[in-house]
Amino acid sequence: MEDYWLCYLIIFWFVLLIVQKVVINLYWRPRRIQNHFLKQGIRGPKYNFLLGNLKEIADLQPSSSQHFSLSHDIVPRAFSFYHHWKNIYMVLITLNFLLIICAAFLVWFGPTVRVSISDPTLIRDIFLVKSDSFEKIETPPSAKKLEGNGLSSLRGEKWAHHRKILTQTFYSENLKLTIPMMGKSMKDMLTKWSSKMSKDGKVEIEVSEWFLSLSEDVITHTVFGSSYEDGKAIFELQAQQLVYATNAFHQVFTPGFRFLPTKKNIISWKLDKDVRNSLMKLIEHRKKFLECDQSEEGPKDLLEVMIKASNSTYSNSAIKVDDIVEECKTMFLAGKYTTSNLLTWTTILLAMNPHWQQLARDEVFNLGMILNESLRLYPPLAATIQRAKIDTKLGTLNLPQGTELLIPFIGIHHDAELWGDDVNEFNPGRFARGVAQEAESPMAFMPFGLGARHCIGQNLPIIQAKLAIAMMWMCFSFELAPTYQHAPTILIFLCPQYGAPIIFKKL
Ligand code: HEM
């Protein structure tokens, strides 16, 4: 009898402990944080138990039947919750004794609060002046499965060590050696388009699909170099795996879903294992090859620099085979979709503005300006999140340790206060005086992020896009197909929801 009582008592305490945890984390703590920010004048939509504002965020998404004009004023559609709440909760705060308008407000992603910060001076503080007080948030396990546990997820010393090693591959001088390979991939693609042309010299192409395979080709060369064919087969497996892992990612609100042996999860696990095994084999093969071949000719590919680093005599700094596998996966995702989005949006913008094609052909405007304007209006990565490592003062804001900050690149790029009344017009000429001069603040343009964790690969998409766009307009003029629907949507990256059909005409 006494044993029963003991059992009941243990269960009772256990339940009480869980209830206490739930009340503290899902009710009391959010209220305390909300009050803390309210005292500083920072407001936001009300916290709802457990879900925070997730339901409102979903409700604010435009319905799929809602179409969009050809306007570049895309924030209301693509980043609806930010647009909606920024207009309601925008406040005035003092910064260095100046009264400034600061679009800071709170949003609750479940029980986690995020303070949206879009003031360039505060952004400079977060990434540059006070960077020691902030860090990138951890990648959730479901997202790690998608993007690999490579550079973008690493932290601390391991991150610094990997970043130093991998940077060599992305130096402009090294990437320029890959231009002949990029040119060949591009030429093959244009030849295929030409072969599809009707008798009147026109063809309709859904460019986003083509640019995805072009970018995949280039990233495969950059990562695997001479082991291109084997690398391509591995990346094809990874592309399939991504489809299944994305499915699991969307089920993120069903706790433990990704561990259930559903049909899709089983296929995803098998593909993951296949990718890993094939990469291991390839790494071993390459290691043996590198032992015999010590020549320094040709571009340094990522696999080579990592294998060399794995042979380091300092065992604690050596890169392990598992690390190489994760880095390959990360580069595939980070490089493929972003670069193809840049190519797609730039082609759409030039198709909407044929006179810019002519101006660029006549070299009145250089391609760098056009790409910058494309990255400003349609940044492939719409936002990032930072977290306060310690209690921190940001401007006049007191941020408790652990506060997450949402930095909306897309919102800043479309802010009329920073860019002027023509903020939503395609005007590459605004970059004529260089990137730092075009807006109220140099921090107003950051498609590749800022600070120590800015994009490691940023030279690659610029070189690739310059080459691809130049080769395209040497052969064709192009315009939007009548079926094109302008629907910029964020599906991890900012992409055209209904694709990008473009009509190309031989010059
Ligand atoms: C137009 C193309 C691209 C855009 C717009 C872009 C944008 C960005 C941004 C904004 C970040 C910072 C993310 C953050 O702060 O949370 C970033 C980081 C990163 N990017 Fe890119 N990226 C592009 C292409 C590439 C390519 C081609 C590669 C590699 C092949 C690459 C690899 C990475 C990696 C590994 C990181 C993480 C760096 C770190 O944490 O140290 N990106 N990128």
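The values are calculated or read from the model by the stated rules, or taken from the named source; none is laboratory data. What you are looking at is a predicted structure, and each value in this text was computed from that prediction instead of being measured. Don't worry about glycine lacking a Cβ; one is built from the backbone with ideal geometry, like all the others, and counts go over all protein chains shown.
Could you figure out which of (1) of a type in the set (Gly, Ala, Ser); (2) under 21 Å from His72 (Cα atoms); (3) in a loop (DSSP other than H, G, I, E, B); (4) over 16 Å from the mean Cα position of the chain (by Cα) isn't true of Ala360? It fails just one condition, (3). His454 meets all of the listed conditions (1) modelled with pLDDT of 95 or more; (2) surrounded by fewer than 16 Cβ atoms within 10 Å (Cβ to Cβ); (3) more than 16 Å from the ligand (Cβ to nearest atom) but one, namely (3). Restricting attention to the range 320-329, does a residue exist that is touching a residue at least 60 places away in the same chain (Cβ under 8 Å), near the ligand (Cβ under 10 Å from one of its atoms), closer than 26 Å to Thr483 by Cα and in a helix (DSSP H, G or I)? No; the residues of the range 320-329 include none that is touching a residue at least 60 places away in the same chain (Cβ under 8 Å), near the ligand (Cβ under 10 Å from one of its atoms), closer than 26 Å to Thr483 by Cα and in a helix (DSSP H, G or I). Condition check for Pro447 on (1) away from the ligand (no atom under 16 Å from the Cβ); (2) part of a loop (DSSP other than H, G, I, E, B); (3) touching a residue at least 12 places away in the same chain (Cβ under 8 Å): one failure, at (1). For the range 465-505, residues that are touching a Pro at 6+ places or on another chain (Cβ under 7 Å) and surrounded by 21 or more Cβ atoms within 10 Å (Cβ to Cβ) total 4. Among the residues of the range 385-406, those identified as assigned to a loop (DSSP other than H, G, I, E, B) and more than 16 Å from Gly451 (Cβ to Cβ) are Ile390, Asp391, Gly395, Thr396, Pro400, Gln401, Gly402, Thr403.
Could you tell me whether any residue of the range 342-352 is more than 16 Å from the ligand (Cβ to nearest atom), farther than 26 Å from Val243 by Cβ and without any contact (Cβ under 8 Å) to a residue 40 or more places away in the chain? No, the range 342-352 contains no residue that is more than 16 Å from the ligand (Cβ to nearest atom), farther than 26 Å from Val243 by Cβ and without any contact (Cβ under 8 Å) to a residue 40 or more places away in the chain. Note on the range 205-234: among residues that are more than 16 Å from the ligand (Cβ to nearest atom) and under 30 Å from Glu297 (Cβ atoms), the one that is surrounded by the most Cβ atoms within 10 Å (Cβ to Cβ) is Ser227. Of everything listed in (1) of a type in the set (Gly, Ala, Ser); (2) outside any helix (DSSP H, G or I); (3) surrounded by fewer than 18 Cβ atoms within 10 Å (Cβ to Cβ), the single unmet condition for Gly368 is (2).
Matching residues to (1) away from the ligand (no atom under 16 Å from the Cβ); (2) surrounded by fewer than 18 Cβ atoms within 10 Å (Cβ to Cβ); (3) among the β-branched types (Val, Ile, Thr):
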site	(1), (2), (3)
Gln358	yes, yes, no
Arg361	yes, yes, no
Pro380	no, no, no
Ile390	yes, yes, yes
Leu399	yes, no, no
Leu405	no, no, no
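Can you spot a residue in the range 407-416 that is more than 22 Å from the chain's Cα centre (by Cα), closer than 23 Å to Trp356 by Cβ and surrounded by fewer than 21 Cβ atoms within 10 Å (Cβ to Cβ)? So far as the range 407-416 goes, yes, one or more of its residues are more than 22 Å from the chain's Cα centre (by Cα), closer than 23 Å to Trp356 by Cβ and surrounded by fewer than 21 Cβ atoms within 10 Å (Cβ to Cβ).
Looking only at the range 142-197, count how many residues are in contact with a Gly (Cβ under 8 Å, 6 or more places away or on another chain) and in a loop (DSSP other than H, G, I, E, B). Number of matching residues: 1. Looking only at the range 407-435, which residues are within 15 Å of the ligand (Cβ to nearest atom) and outside any helix (DSSP H, G or I)? Listed by number, the residues that qualify are Ile407, Pro408. The residues on offer are Ser295, Ser227, Ser312, Ser317, and the sole one that is of a type in the set (Gly, Ala, Ser) and modelled with pLDDT of 85 or more is Ser227. Regarding the range 235-242, can at least one residue be identified that is buried (at least 20 other Cβ atoms within 10 Å of the Cβ) and within 13 Å of the ligand (Cβ to nearest atom)? There is at least one residue in the range 235-242 that is buried (at least 20 other Cβ atoms within 10 Å of the Cβ) and within 13 Å of the ligand (Cβ to nearest atom).
Note on the range 123-177: among residues that are basic (Lys, Arg), more than 12 Å from the ligand (Cβ to nearest atom) and more than 19 Å from Leu399 (Cβ to Cβ), the one that is surrounded by the most Cβ atoms within 10 Å (Cβ to Cβ) is Lys145.
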